[in-house]
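Worksheet: the structure to be examined is printed underneath.
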Amino acid sequence: MSLADFFASHPVLGLLLLVVVVVLLRSLRIANQYERAVVFRLGKFNRTAGPGLYIVWPLIEWQNKLDLRTITKDVEQQEAITRDNVPIKVNAVIWFRIVDAERAVMQVREVANAVVQVSLTTLRTVLGQHTLDDILKAQDTISDVMQKTIDTVTEPWGVKVERVQMKNVEIPPTMQRAMAQEAEALREKRARLIKAEAELDAAEQLRNAAEVIMQNPAGLELRRMQMITEVGAEQNTMTIVMMPSEFVAMARGIGELARNKEADK
């Protein structure tokens, strides 16, 4: 018996069979591996379906399908006052994902928007608890604090906040100039300290060299000869008269003898 003959001989049964097939076809649903469907029956939560093939009965059941992949949202720029009373503007990025589809549907409406709003208020609060230097130098630490704070609020919604990162920190132009002057002053201070340390080391080395030369007259003569060689190599017109160290010692002795005679008178 063909299908047409069956419907001709059993019209009621054929109609019922056709209705059942159409209902089954319209009831079939498919969820990807990263999706979950929250199914309600007559207004009450019934089950979480997916991934793969599942059935949602028409008229008595309906679904809300959610994406469980990580979602990236921009937190619009916020103006806040730091703990040291500096006005700044900061925007941020937040990464989060839904870990419990049932709570994400049952506990909050438009879960993504709710997470962004919590991030806005948390951003302003956390910035007000830190100084400008902390915000500029310890952004990773502040981001970790924001992430933990937001995650505590969103946990009952079945949402896991994975990361929060500040993108841009804008400070007033007057504060930028003051910070530039401070940085320049610090660099100048460092340069002067380095120069002073170099001069101190050079003076120490010269003192050591003088002690060695004074203890060894021959070394003094060698140093004098070296100086004559260096001067002659530069094609200078300067003439240097070098006296032996014995003459210098004799002149010093004569001077001391003259001073002693003057003292005896």
*Would you say N46 is over 35 Å from the mean Cα position of the chain (by Cα) and assigned to a strand (DSSP E or B)?*
yes
*Would segment 86-107 turn up any residue that is at pLDDT 90 or above and acidic (D, E)?*
yes
_If the requirement is being assigned to a strand (DSSP E or B) and under 16 Å from V39 (Cβ atoms), which of these qualifies: Q78, Q63?_
Q63
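Which members of segment 49-60 meet the condition of being part of a loop (DSSP other than H, G, I, E, B) and either β-branched (V, I, T) or touching a residue at least 40 places away in the same chain (Cβ under 8 Å) (or both)? Please lay out each step first, then the result.
Here is the first cut: in segment 49-60, the ones part of a loop (DSSP other than H, G, I, E, B) are 50-51, 56-60.
If the condition is that a residue be part of a loop (DSSP other than H, G, I, E, B) and either β-branched (V, I, T) or touching a residue at least 40 places away in the same chain (Cβ under 8 Å) (or both), then V56, I60 are the ones that fit.
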_Could you tell me how many of the residues in segment 30-49 are surrounded by fewer than 17 Cβ atoms within 10 Å (Cβ to Cβ), of a type in the set (K, R) and within 19 Å of D67 (Cα to Cα)?_
1
*Does L13 qualify as being more than 20 Å from A101 (Cβ to Cβ) and modelled with pLDDT under 85?*
yes
_Just the residues that are open to solvent by 30 Å² or more (accessible area, probe 1.4 Å) and either in contact with a helix residue (DSSP H, G or I) (Cβ under 8 Å, 6 or more places away or on another chain) or touching a residue at least 60 places away in the same chain (Cβ under 8 Å) (or both), please, taken from segment 142-168._
V145, T149, V153, P156, W157, K160, E162, R163, Q165, K167, N168
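The values are calculated or read from the model by the stated rules, or taken from the named source; none is laboratory data. Here the structure is a predicted model, which is why all the values come from computation and not from measurement. Cβ: placed from backbone, ideal geometry, glycine included. Neighbour counts: every protein chain shown. SASA here: full protein model, heavy atoms, side chains in, ligands and nucleic acids out. Shrake-Rupley method; radii C 1.70, N 1.55, O 1.52, S 1.80 Å.
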